[in-house]
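**Student:** The structure's right below; bear with me while I get my questions together.
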Amino acid sequence: MTTVLTNPQKVFWPQEHITKKDLYQYYEAIYPTLIPYMKNRPQSLHRNPNGIIDQGFFQKNAGENAPDWVKTVSLHSDSAEKDIAYIICNRLRTLLYLVNLGCIEFNPWNSTLKNLDQPDYMVIDIDPSEDNSFDQVVDTALMVKKVLDEAGASAWCKTSGATGLHVYVPFKAKFNYARIRDFAHLVATTVQQRLPDTTTLERSLAHRGKAMIYLDYLQNKRGQTLAAPYSVRPRPGATVSTPLEWKEVKHGLDPKAFTIHNTLERVAKKGDLFKEVLGKANMLDRCMKNLGGLGAP
């Protein structure tokens, strides 16, 4: 039994005339491909009940109105100084319940309930500033790939669904966040040294300027989230965070070309290009040493 959809004709993307029902039907269809990246992972909800006409709001706690059949897990938040009941989306019914709440995008943790302190993968979020071209984003992703190749680490890339690219490196929950973040920092630092004119590790927009790409390695922390593979984004065009083949990561790549309208056809043709992210783990110590870093003592 699926969740009843309320206000199905409500327009979520005014310019494109895409409705809440269209979003619901997309997630209903993509569910078998999406669910491995959602299962047993706490969800940080980003709700846009009015569609993309406003910024919506973030919600971590399931809330008192969540049905009894929605699975939750209570986790303590040091920053909020309280326990938070995170929703765990393991079923189609739960996914569609969240869509009905106005969740356009989905932001799961990098780790699962089995190993909350040990992420399944490392991520490098390539986040451009206002004056960067997407070709520069592509060049940065390819440099990340080159550095990871030198480290001996396999990696996969996806569009963010917005203006950047995400590179994922599988570790299959074998190492804690601190060690994964150390490697991510080493990779980001190496890339920045090779692309000093266009990349930075400066997080603050005010301090990094409008033409520097931020290499965000700090996403590798318990509780941090990125849009899941195949997640729609609350952006013009109803763009989707879409896994890519590395041969597609080249000049001319248009992240706006991957949308709610063509993602299902793409998956039917290419399959799940991201499935290996949840597969074999890379050897962290060897990767660190290959880049001149220190492995475990």
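The values are calculated or read from the model by the stated rules, or taken from the named source; none is laboratory data. Quick caveat: nothing in here was measured; it's all calculated off a predicted structure. Note that we place each Cβ from the backbone using ideal geometry, even for glycine, and neighbour counts take in every protein chain shown.
**Student:** Kindly list the number of the only condition in (1) more than 20 Å from the chain's Cα centre (by Cα); (2) of a type in the set (D, E, K, R); (3) crowded, with 18+ Cβ neighbours inside 10 Å that fails for Arg194.
**Tutor:** (3)
**Student:** Does region 1-31 hold any residues that are farther than 17 Å from Ala238 by Cα and in a strand (DSSP E or B), and which are they?
**Tutor:** Of everything in region 1-31, nothing turns out to be farther than 17 Å from Ala238 by Cα and in a strand (DSSP E or B).
**Student:** Looking at (1) modelled with pLDDT under 95; (2) in a helix (DSSP H, G or I), which is the one condition that is false for Arg93?
**Tutor:** It is condition (1) that Arg93 fails.
**Student:** Sticking with this structure for a sec: Give all pairs with beta carbons closer than 7 Å in which a residue from region 55-77 that is within 17 Å of Gln224 (Cβ to Cβ) meets a residue that is modelled with pLDDT under 95 and assigned to a loop (DSSP other than H, G, I, E, B); count only pairs at least 6 apart in sequence or on separate chains.
**Tutor:** Phe58/Ser44; Lys60/Ser44
**Student:** Also, quick follow-up: Only one of these is within 20 Å of Val167 (Cβ to Cβ) and among the polar types (S, T, N, Q): Asn65, Asn110. Name it.
**Tutor:** Sole residue among the options that is within 20 Å of Val167 (Cβ to Cβ) and among the polar types (S, T, N, Q): Asn110.
**Student:** Next question. Has region 29-40 got any residue that is polar (S, T, N, Q), at pLDDT 95 or above and closer than 20 Å to Phe274 by Cα?
**Tutor:** Yes: one or more hits.
**Student:** Here's a check for you: in region 197-225, which residue that is modelled with pLDDT of 95 or more and either touching a Gly at 6+ places or on another chain (Cβ under 7 Å) or of a type in the set (A, V, I, L, M, F, W, C) (or both) is surrounded by the most Cβ atoms within 10 Å (Cβ to Cβ)?
**Tutor:** Among them, the one singled out is Leu215.
**Student:** Assess whether Lys146 counts as being touching a residue at least 40 places away in the same chain (Cβ under 8 Å), of a type outside the set (Val, Ile, Thr) and out of contact with any helix residue (DSSP H, G or I) (no Cβ under 6 Å at 6 or more places or on another chain).
**Tutor:** Answer is no for this residue.
**Student:** Residues that are polar (S, T, N, Q), without any contact (Cβ under 8 Å) to a residue 60 or more places away in the chain and closer than 30 Å to Pro14 by Cβ: which helices (runs of 4 or more DSSP H) entirely in region 191-297 hold 3 or more of them?
**Tutor:** Helices (runs of 4 or more DSSP H) meeting the threshold: none at all.
**Student:** Could you identify the single residue in Ala173, Ala153 that is surrounded by fewer than 21 Cβ atoms within 10 Å (Cβ to Cβ), part of a loop (DSSP other than H, G, I, E, B) and modelled with pLDDT of 95 or more?
**Tutor:** Of Ala173, Ala153, the one residue that is surrounded by fewer than 21 Cβ atoms within 10 Å (Cβ to Cβ), part of a loop (DSSP other than H, G, I, E, B) and modelled with pLDDT of 95 or more is Ala173.
**Student:** Also: Within the group Gly51, Gly63, Gly56, which residue is modelled with pLDDT of 95 or more, of a type outside the set (A, V, I, L, M, F, W, C) and at positive phi?
**Tutor:** Gly51
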